[in-house]
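Novice: Structure in structure tokens, see below.
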Amino acid sequence: QVQLVESGGGLVQTGGSLRLSCAASGMGISTNRMGWYRQAPGKQRELVARITSGGDTYYGDFAKGRFIISSDDVKNMIYLQMNSLKPDDTGVYFCSTTFMSRVYWGQGTQVTVSS
């Protein structure tokens, strides 16, 4: 059974940084595309960044130049380094993957950026 568990969220001031982690089990991240999504109150869930099994990365426009997605195949984890955080970055951040044609989501971790 695939499980994704996020951690690392919290309260940070504008301009601060946070590093989110996602621990995967039941599947290997080295052979699957992994992604970070976020959902702000009253808004739709949106893609933040994703990383392919080959290490290629893609970022949402708002994340370019500020966020970095990375992976550790040995630990079976992915990370999201978030820098220069803004109040608009506030939301619940989710880890996600598609495995055997099924989409899996973690429970999410709350990120709150104060102004």
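The values are calculated or read from the model by the stated rules, or taken from the named source; none is laboratory data. Every value quoted in this text rests on a predicted model; they were computed, and no experiment measured them. Glycine gets a Cβ as well: all are built from the backbone with ideal geometry, and neighbour counts include every protein chain shown. Accessible surface areas use protein heavy atoms only, side chains included; no ligands, DNA or RNA. Shrake-Rupley method; radii C 1.70, N 1.55, O 1.52, S 1.80 Å.
Novice: Is it the case that some residue within segment 101-111 is touching a helix residue (DSSP H, G or I) at 6+ places or on another chain (Cβ under 7 Å) and within 20 Å of GLY16 (Cα to Cα)?
Specialist: Yes, that holds for at least one residue.
Novice: If you scan segment 26-73, which residues turn out to be of a type in the set (A, V, I, L, M, F, W, C) and either modelled with pLDDT under 95 or within 18 Å of ASP89 (Cα to Cα) (or both)?
Specialist: MET27, ILE29, TRP36, ALA40, LEU47, VAL48, ALA49, PHE62, ALA63, PHE67, ILE68, ILE69
Novice: Criterion first (open to solvent by less than 30 Å² (accessible area, probe 1.4 Å), at negative phi and in a strand (DSSP E or B)) does LEU11 satisfy it?
Specialist: So LEU11 does not fit the description; no.
Novice: Between residues in segment 70-88 that are over 14 Å from MET34 (Cα atoms) and residues that are of a type in the set (Phe, Trp, Tyr), which pairs lie under 6 Å by C-beta distance while being six or more apart or on different chains?
Specialist: That search, which allows pairs on different chains as well, returns MET82/PHE67.
Novice: Would you mind finding the one in SER21, SER84, SER53, SER71 that is open to solvent by 50 Å² or more (accessible area, probe 1.4 Å), in a strand (DSSP E or B) and among the small types (Gly, Ala, Ser)?
Specialist: One residue alone meets the criteria, SER71.
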